[in-house]
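Everything on this sheet refers to the single structure shown next.
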Amino acid sequence: MIASTMSPEVESMKIRLKHIWMAGDYDRFSRYMESGAREFYERLRVSPGCRLLDVGCGSGQLALMAAKDGMEVTGVDVASNSVERARERAQAEGVRARFEEADAEALPFEDASFDVVASLIGAMFAPRPDLVAKELLRVCKQGGTIALANWTPQGFIGQMFKTVSTFIAPSGMPSPVLWGDETTVRERLGNGLLKLNLVRRHYRLSYPFPPSEVVEFFRLYYGPTNRAFASLDAGGCERLRKELEGLWSSHNRAGMECTTVLAEYLEVIGMRA
């Protein structure tokens with residue numbers, strides 16, 4: 001495990017980020033993203049018995065899919081409430097999976113511990129991406145798979161983050177959506193991989209309610225949006241709400257009573273050197 005001495009500024013940034021991801025109810029929020037998670041997982045084509053690490057596991061949606069298919073699964077996340085919920089889900093669904101609170105920048109595992117190291121819209125939010133890249137490579141065995149799904153700067157969620165991050169992004173933190181840029185990913189991971197396949201795909205976000213209610217859903221249950229609204233006065237909340245409703249409405253492919261948006265992400269699949 002990498003030993004890292006954090007400056008007070010970095011420590012403060014990490015505390016703030018943890019508070020952001022513990023806000024709302026990520027488990028409830030992520031239930032509407034199950035189908036996209038399933039599509040990403042099935043493209044990994046991993047075999048039963050593989051050791052899989054899910055970095056930024058949330059409440060376990062990807063990890064639990066793998067555990068049900070007979071993999072030896074470990075999930076880690078900085079949000080202790082998400083880790084606890086993932087444990088509860090595993091017990092309720094009758095599957096064996098280990099979940100731990102841990103930092104993607106300092107994973108508590110030996111070198112080459114896993115056959116597959118995956119992160120579905122998770123590791124991209126750690127504040128020091130170079131450390132994240134080193135850790136993902138370090139814990140993956142030679143010939144193993146590193147698989148990431150990261151929102152792109154140009155995609156719908158990238159646009160939404162651009163609006164929301166004005167209110168919550170810690171000072172000095174690189175934009176998380178740079179993990180959705182092909183050149184940046186090659187710079188961060190390329191030297192540690194024999195093969196690297198980068199494909200832009202679309203995550204289908206579908207909700208059985210109109211864009212105005214989607215914005216309220218995000219405000220209640222999605223940590224970054226929850227904290228953005230909480231940081232504003234009444235006037236600021238109204239301005240942010242209007243901006244977000246306009247964004248969701250302009251990208252909505254469903255009728256007036258429902259919302260469907262295609263959100264671009266970069267699928268990163270590499271073979272460890």
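For the stretch 145-258, the square roots a ≥ b ≥ c of the C-alpha gyration tensor eigenvalues yield an a/c of 1.5 or more together with a/b not exceeding b/c, which makes the shape oblate. Protein heavy-atom accessible surface, 1.4 Å probe, per residue over the stretch 1-89: 47 Å². Loop-located GluC sites (Glu not before Pro) in the stretch 101-170 (DSSP state not H, G, I, E or B) with no more than 13 neighbouring Cβ atoms inside 10 Å: Glu110. Relative to the current alpha-carbon distance between Met256 and Arg43, full extension at 0.36 nm per residue lengthens the span by 73.4 nm.
In this structure, the pairs whose alpha-carbon distance is over 30 Å, taken from Lys141/Lys162; Lys162/Lys195; Lys14/Lys141; Lys68/Lys141; Lys68/Lys162, are Lys141/Lys162; Lys162/Lys195; Lys68/Lys162.
The overall shape of the stretch 83-162 is oblate: from the C-alpha gyration tensor, with semi-axes ordered a ≥ b ≥ c, the ratio a/c is 1.5 or greater and a/b is no larger than b/c.
Counting only protein heavy atoms, what percent of the accessible surface of the chain is carbon or sulfur at a 1.4 Å probe? Of all accessible area on the chain, carbon and sulfur atoms account for 48 percent.
A straight chain from Thr166 to Ser212 at 0.36 nm per residue would run longer than the Cα-Cα distance by 14.5 nm. Suppose each label sits 7 Å from its Cα in the direction of the beta carbon; what would the Ser35-Arg96 distance come out to in nanometres? Label at Ser35, label at Arg96, 3.4 nm between them. Legend: residues Val46, Val139, sorted from most to least accessible area (1.4 Å probe; ligands, DNA and RNA excluded), read Val46, Val139. Taking a straight Cα-Cα cut-off under 15 Å and skipping sequence neighbours fewer than 8 places away in the same chain, the aspartates and glutamates within cross-link reach of Lys134 are Asp103, Glu105, Glu110, Asp111, Glu187. For the stretch 122-264, the solvent-accessible area with a 1.4 angstrom probe is 45 square angstrom per residue.
Taking 0.36 nm per residue of sequence separation and removing the Cα-Cα distance, the Asn197/Glu11 pair yields an extension gain of 63.6 nm. Quick check: Cα centre of the stretch 202-227 to Cα centre of the stretch 245-273, how many Å? A separation of 12 Å, based on Cα centres. Could you identify which residue out of Arg188, Arg241, Arg43 has the top mean-square fluctuation in a GNM of the chain using Cα springs shorter than 10 Å? In this elastic network of the chain, the residue with the biggest mean-square fluctuation among Arg188, Arg241, Arg43 is Arg43. Computed with a 1.4 Å probe over protein heavy atoms only, the accessible area of Glu9 comes to about 130 Å². The calculated FRET efficiency for Glu88 paired with His19, based on their beta-carbon distance and R0 = 22 Å, is about 0.55.
The values are calculated or read from the model by the stated rules, or taken from the named source; none is laboratory data. Computed from a prediction, not measured in an experiment: that's the story for all the values here. Using ideal geometry, Cβ is built from the backbone for each residue, glycine included, and neighbour counts are taken over all protein chains shown. Just so you know, the surface numbers come from the protein's heavy atoms only, side chains and all, with ligands and any DNA or RNA stripped out. Shrake-Rupley method; radii C 1.70, N 1.55, O 1.52, S 1.80 Å.
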